[in-house]
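Reading through the C-alpha cells given below for one structure.
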Amino acid sequence: MMYLADVGALARKDLRLELRARDTLPAMLLFVLSTLVVFHFVLPSDSSELAAKGLLWVAIVFTALLGLSRAFAAEREQGVIDGLVLAPSDRSAIWLGKALSVLAFLALAEVVALPAFALFFGGIGGPMIAGVVLADIGIAAVGTLLAAMAAASRARELLLPLLFLPLAIPIIVGGVGASVTSDPARYLGFLGLYDALFAIICWASFEYVVTE
Amino acid sequence: MSTWLRNNRLAALAALAFALITASIALVFFYAPVDSDGLNQKIFYFHVGIALTAYACFAWGGWKALRVLWKGDDSADLESYVAIHQGVIFGALTLVTGSIWARYRWGHWWEWHEDQLVLFLVLFLFYAAYFMLRFSVPAGPRRANLSAVYALFGVALVPVSILAIRRHGPNMAGSQFFTFCVSLAAMLTLAATLYHVELAGKRIDVRLRELREALR
C-alpha cells in the first residue's frame, strides 16, 4: 500500500508541476496538430486512407518523444533526482510515477489528436483506438526508463530518440497492424505482450539506472 | 601437449577456427549439392551461420550484462561490451551477405520481404545506439549499469522483433544441413577467437591506464 501511495504522490507531483508551469503538454498538442497538417501536404491527393493511418503512428511516436525528452528536465535541473533516490521508498516507484504522468500527457495529447485525425483524414475504428491505448502504455514504460538513461549521459536529449526508436519499432508494427489489417486481434495481443514484457524489465531495472 | 594447450589457448582456438573455416568453404563448394536456386544459394551457408553467430554474441553480452547487475561483477562489463561489439560486426556481415543474396535472388540490393534482413537492420540500429550511450557516459559503475540495462533490453527485443517481423525457417536436405552445421561451427569459433583477442587487448588497455594513473 505504501508503494502505491508513493507512486501516486510522484505522479501527482508531475501533474501539478505541469498544471502550474504548462511546459510540456501545450507543446505536445501543437506539435501533433502541426504534424497532421504536414501529413496532408506530404501525401499525394489520390493516396489511400491507409497511408494516412500509417503516418498517424509517426505523429504519435514523435509526439511521445517530444514529451519524453522533457520528462526528467525538472529532476535534472533542480537536482530533484538525488532527493528522490535518497527517499525511503522503492526506486521503481520513481519509474512508475513518472511513467504514469507521461502516459497521462500522451493520452491527453491523443484526445485532441485522434478527433483531429478523424476530421482531417477520416476513419478511426475501435481496434485502432485499442491499439493506440496499448501502444501508449508501452511507449510510456520504455520511454520513461530510456529518458532517465539519456538524462544521465552527456548527450542528453540527443541520445533519447536514438535509444528509443529501435525499441519502438515493434510497437509501430503492432499499432499499424491493429489499425489497418483485417485481423487486429493478433496485433493487439502482440502489443499487450510487448507492454507486459517491457514493463517488467523496466520496473526491475530502473534502480540501476538512477543509482551507482 | 596439454600444458601447451593451456598456455596457448587463444592460439589453439585461432587454429581451430582457421581449420573449420577452411573445411566449411571446401564443403560448401565441393560437397553440398547445388539446389534449384542455382550457385548463388551457396552464400546462404555463410549468411545464416553469421546471423546465428551474431545472435549468440548478443545473448552472451546479455548474460554478462545480467552478471553486472546481479552480482556486481566488474569485469563482466568489459566482457559484455566486447561480446556486443563482436555481435554488431557479425550483424553488419549478415546485412552485407543478405544484401548480396537478395541481389542475385530478386535483383534488388534490399528486399523488405526478407525477414532476417529487416530484423538485423533493427538490431543493428539498436546496438549502434548502445555504443552511443556507452560513449556519452563517463567510465565507471554508472556506465556499467546503464550499458547493462540497455543490453538486457536487447535480449528482450530479439524475440519480440522475431514475433513482429514473422520469419519462416528454411528446410534443408541432409548433406546441406551437415555443411550448414560445419559452417555455423566455423563462424562461432571465429567469433569466440575474435572475442578473446579483443578482450585481451581491452584488458591490457585498462591495465595500462591503471599503471599510468599509479605512476602519476
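The values are calculated or read from the model by the stated rules, or taken from the named source; none is laboratory data. These numbers come from a predicted model, not from an experiment. Cβ placement follows ideal geometry from the backbone for every residue including glycine, while neighbour counts extend to all protein chains displayed.
Of all residues in the range A:133-160, how many are among the basic types (Lys, Arg) and either within 17 Å of residue A:204 (Cα to Cα) or buried (at least 24 other Cβ atoms within 10 Å of the Cβ) (or both)?
Quick first cut of the range A:133-160, residues among the basic types (Lys, Arg) only: A:154, A:156.
Filter once more, keeping what is either within 17 Å of residue A:204 (Cα to Cα) or buried (at least 24 other Cβ atoms within 10 Å of the Cβ) (or both): none.
Counting residues in the range A:133-160 that are among the basic types (Lys, Arg) and either within 17 Å of residue A:204 (Cα to Cα) or buried (at least 24 other Cβ atoms within 10 Å of the Cβ) (or both) gives 0.
Name the helices (runs of 4 or more DSSP H) wholly inside the range A:91-195 in which the number of residues that are modelled with pLDDT under 90, within 12 Å of chain B (Cβ to nearest Cβ) and more than 13 Å from the chain's Cα centre (by Cα) is 2 or more. Give the derivation first.
Working: elements: A:92-120, A:126-152, A:159-180.
Fully inside the range A:91-195 and qualifying: A:126-152, A:159-180.
Here's the yes/no breakdown for (1) part of a helix (DSSP H, G or I); (2) buried (at least 21 other Cβ atoms within 10 Å of the Cβ); (3) under 16 Å from the mean Cα position of the chain (by Cα):
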site: A:28; (1), (2), (3): yes, yes, yes
site: A:37; (1), (2), (3): yes, no, no
site: A:47; (1), (2), (3): no, no, no
site: A:60; (1), (2), (3): yes, yes, yes
site: A:68; (1), (2), (3): yes, yes, yes
site: A:82; (1), (2), (3): yes, no, no
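Hey, which of the helices (runs of 4 or more DSSP H) in the range B:6-112, taking only ones fully inside, have at least 1 residues that are closer than 15 Å to residue B:180 by Cα and of a type in the set (A, V, I, L, M)?
Result: B:9-26, B:43-71.
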Sole residue being facing another protein chain (nearest Cβ under 10 Å) and either assigned to a loop (DSSP other than H, G, I, E, B) or within 30 Å of residue B:113 (Cβ to Cβ) (or both), chosen from B:160, B:182: B:160
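Please go through the range A:1-36 and give me each residue that is out of contact with any helix residue (DSSP H, G or I) (no Cβ under 7 Å at 6 or more places or on another chain), in contact (Cβ under 8 Å) with a residue 12 or more places away in the chain and hydrophobic (A, V, I, L, M, F, W, C), ordered by number. Even if it seems obvious, please write down each step before you answer.
To start, the set of residues in the range A:1-36 that are out of contact with any helix residue (DSSP H, G or I) (no Cβ under 7 Å at 6 or more places or on another chain) comprises A:1-2, A:4-5, A:8-9, A:12-13, A:16, A:19-23, A:26, A:30, A:34.
If we keep only those that are in contact (Cβ under 8 Å) with a residue 12 or more places away in the chain as well, we get A:2, A:8-9, A:13, A:23.
A:2, A:9 - these are the residues of the range A:1-36 that are out of contact with any helix residue (DSSP H, G or I) (no Cβ under 7 Å at 6 or more places or on another chain), in contact (Cβ under 8 Å) with a residue 12 or more places away in the chain and hydrophobic (A, V, I, L, M, F, W, C).
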Failed criterion for residue B:92 (all others in (1) over 24 Å from residue B:207 (Cβ atoms); (2) surrounded by fewer than 19 Cβ atoms within 10 Å (Cβ to Cβ); (3) more than 14 Å from the chain's Cα centre (by Cα) hold): (3)
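For the condition away from every other protein chain (no Cβ under 12 Å) and within 30 Å of residue A:188 (Cβ to Cβ), what is the one hit in B:108, B:113?
Values: B:108 fails: within 30 Å of residue A:188 (Cβ to Cβ).
Matching residue, one of B:108, B:113: B:113.
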